[in-house]
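The values are calculated or read from the model by the stated rules, or taken from the named source; none is laboratory data. Keep in mind that this is a model prediction, so the values were computed, not measured. Counting neighbours? That spans all protein chains shown, and the Cβs are built from the backbone with ideal geometry, glycine included. Accessible surface is based on the protein model in full, side chains and every heavy atom, while ligands, DNA and RNA are left aside. Shrake-Rupley method; radii C 1.70, N 1.55, O 1.52, S 1.80 Å.
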Amino acid sequence: QSLRLKKTLHSPAYNVQFVGAGAATEIIPDKPLPSVNNYFIGNDKSKWASDCKIYGAVTYKNVYPNIDVRYYSDAGTRLKYDIIVNPGGDINKIALQYKGADGLLIKNKELVIKTSIGENKELSPYSYQVVNNERKEVETKYIINGDVVRFKIKDHSPASTLVIDPTLIFFT
């Protein structure tokens, strides 16, 4: 079974599917905001919702064993996600399938996603581990095989948590 997370960037949308993701993924809201939203849509009051809490981030725990994915906005300007590989997580299991994209390529170490309305890109991933209370950068590259993207990670310590931090840039 695969966990499907949709990135809607204008129209049409493409889907990013974590291939082989576990069914036991837990969704955890994070960074509660002080305001609430109300949803009074339609005439059926039983479907209305009020005082809905708003969060600035959400974490999907154990998308793969010992691997989490955290989505958040970067100061409200960019959609960001981190792939968090905890000790015991297998980096080789991480596989993102881009469904609905017209093509994928790597240009200047960035992932370029081609769609019918233009190109979208994700910056070169910044990856790091905290070792002896110091953030140590870990070399990471995108690898493309058809419509599936994986990460090539060099010289990391499997005993420390690894954070893979690409940045999504909206359509050009």
When Lys and Arg each count +1 and Asp and Glu each count -1, what net charge do the other residues less than 12 Å away from LYS107, Cβ to Cβ, add up to? 0
For each pair in LYS31/LYS109; LYS121/LYS154; LYS53/LYS93, compute the distance between the two Cα atoms and list the pairs where it is over 29 Å. LYS31/LYS109; LYS53/LYS93
All aspartates and glutamates inside 17 Å of LYS99 as judged from Cα atoms, apart from same-chain residues fewer than 8 positions distant: GLU119, GLU122, ASP147
Heavy-atom surface of the stretch 118-172, accessible at 1.4 Å and reported per residue (Å²): 57
Computed Rg/Rh of the stretch 7-120, alpha carbon atoms with Kirkwood Rh: 1.03
Taking the Cα centre of the stretch 57-165 as the origin, how large is its charge dipole in debye, to the nearest 20, when only Lys and Arg (+1) and Asp and Glu (-1) carry charge on their Cβ atoms? 120
Which percent of the accessible area of the stretch 13-66 is formed by carbon and sulfur heavy atoms (probe 1.4 angstrom)? 54
On the protein heavy atoms, probe 1.4 angstrom, tell me the percent of accessible surface of the stretch 88-143 carried by carbon and sulfur. 41
Farthest toward the dipole's positive end in the stretch 77-172, which of LEU104, SER160, GLY88, given Cβ charges of +1 (Lys, Arg) and -1 (Asp, Glu) about the Cα centre? LEU104
Over the stretch 17-172, calculate the relative contact order: mean separation of alpha carbon pairs under 8 Å at least 6 apart, over the residue count, as a percent. 21
Taking the solvent-accessible surface of protein heavy atoms with a 1.4 Å probe, what is the per residue accessible area of the stretch 42-112 in Å²? 54
Net charge near PRO65 (other residues with Cβ under 11 Å of its Cβ; Lys, Arg +1; Asp, Glu -1) is 0
